[in-house]
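Here's the structure we're looking at; comments come further down.
The values are calculated or read from the model by the stated rules, or taken from the named source; none is laboratory data. In this text, all values refer to a predicted model and were calculated from it rather than measured experimentally. Ideal geometry is used to build each Cβ from the backbone, glycine not excepted, and the neighbour counts take in all protein chains shown.
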Amino acid sequence: MASIPLKKKNLVRPSTFLAQWGMFFRQFVKHPGMIGSIIPSSASLVDAMLADVDWARARLFVEYGPGVGTFTRTVLERMHPDATLLAIDLNLDFVAFLEAQIDDPRLRVVHGSAADVRRFIRESGHRQADYILSGIPFSTLPEGVGEDICAETRTALKPDGAFLVYQYSAYMRRLLSPQFEELQERVEWRNVPPCRMFTATKREVLAQAA
Ligand SMILES: C[S@@+](CC[C@H](N)C(=O)[O-])C[C@H]1O[C@@H](n2cnc3c(N)ncnc32)[C@H](O)[C@@H]1O
């Protein structure tokens, strides 16, 4: 699928709360399995998910399933001026919505699947990501796709990089634990409904000399 780079100055256009929710709801009605939630994530979930990100270090931040940009806007507010945010969404209407709403040279929005993250990173001129954040509904993906995305994500991350995932079920735990050396799990109770937050960290274990 085509890669659609965004250009120009830092500018988040004033889309109303209602416009974002309306767009999100319409896409949920059209593609319930792909969207996985009837409303966008809450501000409390965004804050809790991004609280431990080391913004001074991060130069490539990847977002899977940005939707109407609920996390995207906050990531851009906090991100280093020289960093890149690569946002990957399977839904072309969301890609077009983000293009129309956010004008920031650090943002690159691409239409496609998270399963192709390594190709999108290469095409954006980078080698690996510092953080990958995911809002995609893993529990409704076709058989085997979730496992493939987790394996690709681990390869796409730098050593000590982290995969940040929010989901409404504990399903993710069994996908993440075989792939990542460290896994932390918390719950954001103020989100409606309460949401599980996973931080899966890639550690490279050096072979010990005998
Ligand atoms: C629950 S919505 C999350 C939207 C937003 N990040 C939020 O938290 O409000 C799920 C998003 O994942 C996208 N999506 C689903 N499967 C995907 C895949 N395989 N690769 C990339 N995006 C995907 C959907 O199009 C949708 O934008």
Evaluation of ARG122 against (1) at negative phi; (2) in contact (Cβ under 8 Å) with a residue 12 or more places away in the chain (one fails), failing number: (2)
Subset tally (residues that are polar (S, T, N, Q), at pLDDT 75 or above and within 14 Å of the ligand (Cβ to nearest atom)) for segment 11-29: 2
Qualifying residue in segment 88-100 (condition: surrounded by 18 or more Cβ atoms within 10 Å (Cβ to Cβ), more than 11 Å from the ligand (Cβ to nearest atom) and either in contact (Cβ under 8 Å) with a residue 60 or more places away in the chain or β-branched (Val, Ile, Thr) (or both)): no
Neighbours by Cβ (under 8 Å, 6+ apart or cross-chain): first from segment 43-57, on the phi > 0 side of the Ramachandran plot and surrounded by 14 or more Cβ atoms within 10 Å (Cβ to Cβ); second of a type in the set (Lys, Arg) and not in a helix (DSSP H, G or I): none
Single residue of SER139, SER37 found to be among the small types (Gly, Ala, Ser), more than 13 Å from the chain's Cα centre (by Cα) and either modelled with pLDDT of 95 or more or part of a loop (DSSP other than H, G, I, E, B) (or both): SER37
Qualifying position, being touching a Gly at 6+ places or on another chain (Cβ under 6 Å) and either closer than 18 Å to SER113 by Cβ or within 11 Å of the ligand (Cβ to nearest atom) (or both), among GLY36, GLY65, GLY69: GLY65
Residue list for segment 40-53, filter: part of a loop (DSSP other than H, G, I, E, B) and within 12 Å of the ligand (Cβ to nearest atom): PRO40, SER41, SER42
